Each structure stands twice: as structure tokens, then as C-alpha cells.
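One structure is given here, and the rest of the page talks about it.
The values are calculated or read from the model by the stated rules, or taken from the named source; none is laboratory data. It should be emphasised that the depicted structure is a prediction, and the values quoted were computed from it without experimental measurement. Every residue, glycine as well, gets a Cβ built from its backbone with ideal geometry; the counts of neighbours run over all protein chains shown.
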Amino acid sequence: MKKHLDLALDIGEQMLLCGAEVHRVEDSLSRICTAFGASRVDVFIITASMVLTVHDKDGAPYTQTRRILGADTNFDKLSKLNALSRKICSMPELTCDEIKAELESIVNSKTCPMWAEFAFYSVIASAFTLFFGGTLIQGVVSLFIGFAVRLLVLFSDKYVKNKIFNKFLSSFGLTAFSFLALKLKIVSSVDEVIIGNIMVLIPGVGLTNSMRDLFTGDSMAGVLRFIEALLAALAIALGYMAFIFISRETPYFTGVKVTDEFYKYIIQVAMAIIGSLGFGILFNVKGKHLIAVGVGGGIGWALYLLLFYLIKNETISYFIVSILISLYSEIMARVLKSPTTVFLTPSLIPLVPGASLYYTMTSMFSNDLMLFTGKAFATLQLAAALALGVIVSTAVMKFINILTHKKLIKK
């Protein structure tokens, strides 16, 4: 049982490191240990620690604790680990050596190469600059700034190794580069350039997982992840504000320049697809999964445009689209047999209120409390609508699973 306990924790640890939700890891460990022959399984996980206690057939308890240091987002490995846990549950005859060999193969599998990370940081920043109404020149400038931001992230990871400082430094750097392009008269405004690059930094995975964990009953893990995401967003805002304060630059409110509505919407949907694909590649999503991610990003934004046109309410539109994309992700997870978060997080990226966050930051320097309060409230409204939509869809799918499970038992 001790060998099985080690193996189960190895799988759970790797799932957490790859970006899995806590409730998924807990459920996987419970199923794996039960398949190994445990008569009782007790799992407690937060983002930085795992505690697993199992009882063998004779009732003897075995407990092990793991400290989780660091985390990354690798949805390809997560899908393979999820498939391995399914395999263990369906094939109890697998030996420890066979499971260990497959686990080592997954852990040592290829990840997104460094050149691709630099390339897609640039592509994502450029795509979202165009998505939010930027000009072609602004898109090209964002391409180079996205490259510089990835360089700052690499520097911070190597010498500081602090995620919060990483976000602060990257935000400070992208703001500085954007205003430098403005000073050199390469661009006429910095709004869309900064917004496009902020989208690369926003902690979408942490926020999505925190909402799902909170709903499924893992309150402590959900709250901790939510606080981490909140601190990361605050660091982005502070990085921008620090540069504005030091340089005494004046924030710009130029708004969207594209006047032809039809072409603007076509560009937005296309850039939503590219942005979601870019994040999918950064998160090591591959093959059919990557196609599903791109489709989800495009469908999500197209549905938002349609709903906003019909009901003229941004918050309600966000809420409904969040539900629909969450359900789409649940369906794709079942069709392609991968965790829901693989599809959900990249598909929701175009809906993350990056522009609203940017205008909240700039309004702080306007000495207009009403304007700042309005912008901040609008940002919170949109974020809450997204979170609530994810929670509602998770509840619906959980209810369906319970009904399906009861029907299978009756049969």
C-alpha cells in the first residue's frame, strides 16, 4: 500500500503543478487509491500542500504529506495524467512499475519550446491590441512589446522567482515601452497597446480554478487561489501606476477608432480565435484540443456581440456567454476525454475584462472619484458575471452527472 500511496501522490502532485483544479485532483486520488484496493481514502489539498490518508483492507492507515512548490500551466500533461488516472481505475491489473514508467514518460514529455513562448506572447499581445480596436501599427508595436514582456518574465523567473513581482515588473515594462513608442510618434495613443499586453498577464487560470473549487466545496483552496489571482491583478495595476507616477505621463482615453462596425466585429472574432489559440499553445494544448480552444474563443465572442446587440446589457451578456462557453467546455471535455479547464480557460480569455481593468487604472489619475468608482464597479461586475456563469454551468453539469449516475445504478 505504501508504494501505491507514493504513486498516487506523484500523480496528484503533477496534476496540481500542471494547473488542475483542487477538486479534480482530490477526486482523481480517491478513485486511484480505491482502485489500488484502499478501503477508505481521505484527501485534503490546498494549492501548496497535499495530505493523503488511506486504509488498507485490514484497516491499517497510511498517511503522507507533500509540499507543492511552484506551478505551471501545461494542459497537455494534465490531459495525459487524467487519462492515466482513468486507465488505472479501469485496469486494476496494472503493476506499480508499469504505472511509474507511464508517469515518467508523461513528466518528461516535450513542453512548449522557449522560442514558441516568445513568439506567442507577441502574437497574443498583437491580436488583442487589434481585438480592442487598435490600428495595424499599434498591433505591430504590441508584437515587439510582447516579446520584451516575455524577456522580462524570463529575467524575473530566473533571478527573483516571485510571481507577484513578475507581474509588477512586466506591467511596468510594457507601460514604459508603450509610452516610449508614443514619444517616438510611432503610435498616436497607448491605450490599445497596453490593453493588448495586459491580456497576456491576467491570471485567467487561477481565477477560473478558484471559482470552480469554491463551488465544489474546496473553500480554502478556492479562497487561496482567488487571493493569488487578485494579488496578481493588483500587481499589474501597481506596475502601470508606478510608471505613470515616476514618469508623470498623462494617461490617454482615446477609445476605439474603428468606425466600420461590421469589419470591426469580423476583426474582433478573428482576433478572439487567434488569442485563444495563442494561450492554448502557451498552455501546451495540442491537436484536437487546440482546435476546440480556438473554436470556443471565437464562438464566445461572437455570441457576446449577438447578445449585446439584442439586449444592450454588457453584464447580462457576459453572464449568459460564460454559461454557454462553460457548457461547451464541459461537452468538449467529455468528447475528447480531458479536464474541463483545458478548454474553459483559453476559451474565456477574450471575455476577461482587460480593457475595463486598464481604464480603471487610468481613471485613478483623473482626480475624478465618480469616474474611478464607475470604472472599478464595471470591472468587478464583468468579472463577477464571468465567475457566476462558470459556477452555474458547473452546477448544471454536476446535477446532470448525479441524475445519470442514479439511472446507471437503477439499471
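Tabulated results
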item	result
Residues located in segment 371-390, provided they are of a type in the set (G, A, S), farther than 16 Å from S326 by Cα and surrounded by 16 or more Cβ atoms within 10 Å (Cβ to Cβ)	A376, A378
Residue tally, condition under 27 Å from Q14 (Cβ atoms), touching a residue at least 60 places away in the same chain (Cβ under 8 Å) and of a type in the set (S, T, N, Q), over segment 103-143	1
Test for I145: is it surrounded by fewer than 17 Cβ atoms within 10 Å (Cβ to Cβ), more than 18 Å from the chain's Cα centre (by Cα), of a type in the set (V, I, T) and in a helix (DSSP H, G or I)	no
Qualifying residue in segment 198-216 (condition: at pLDDT 90 or above and either in a loop (DSSP other than H, G, I, E, B) or surrounded by 20 or more Cβ atoms within 10 Å (Cβ to Cβ) (or both))	no
Filter result (within 18 Å of G354 (Cα to Cα), small (G, A, S) and modelled with pLDDT of 70 or more) within segment 234-264	A235, A237, G239
Filter result for L357 (under 22 Å from S122 (Cα atoms) and either free of Cβ contacts under 8 Å to residues at least 40 places away in the same chain or assigned by TED's automatic domain parsing to the domain that holds L386 (or both))	yes
Test: residue in segment 379-388 that is part of a helix (DSSP H, G or I), modelled with pLDDT under 85 and more than 19 Å from the chain's Cα centre (by Cα)	no
One residue from L305, L310 being without any contact (Cβ under 8 Å) to a residue 40 or more places away in the chain and assigned to a helix (DSSP H, G or I)	L310
Answer from L29, L5, L81, L17 - the residue that is buried (at least 18 other Cβ atoms within 10 Å of the Cβ), touching a Phe, Trp or Tyr at 6+ places or on another chain (Cβ under 8 Å) and under 21 Å from E104 (Cα atoms)	L5
Condition broken by D97, with the remaining ones in (1) outside any strand (DSSP E or B); (2) within 26 Å of E330 (Cβ to Cβ) satisfied	(2)
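Here is a yes/no grid of residues against (1) farther than 30 Å from R225 by Cα; (2) in contact with a strand residue (DSSP E or B) (Cβ under 7 Å, 6 or more places away or on another chain):
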| site | (1), (2) |
| --- | --- |
| T53 | no, yes |
| T65 | no, yes |
| I68 | no, yes |
| N82 | no, no |
| I99 | yes, no |
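Table: residues versus (1) on the phi > 0 side of the Ramachandran plot; (2) aromatic (F, W, Y); (3) part of a strand (DSSP E or B).
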site: H4; (1), (2), (3): no, no, no
site: I11; (1), (2), (3): no, no, no
site: M15; (1), (2), (3): no, no, no
site: T34; (1), (2), (3): no, no, no
site: G37; (1), (2), (3): yes, no, no
site: F44; (1), (2), (3): no, yes, yes
site: V54; (1), (2), (3): no, no, yes
site: T73; (1), (2), (3): no, no, no
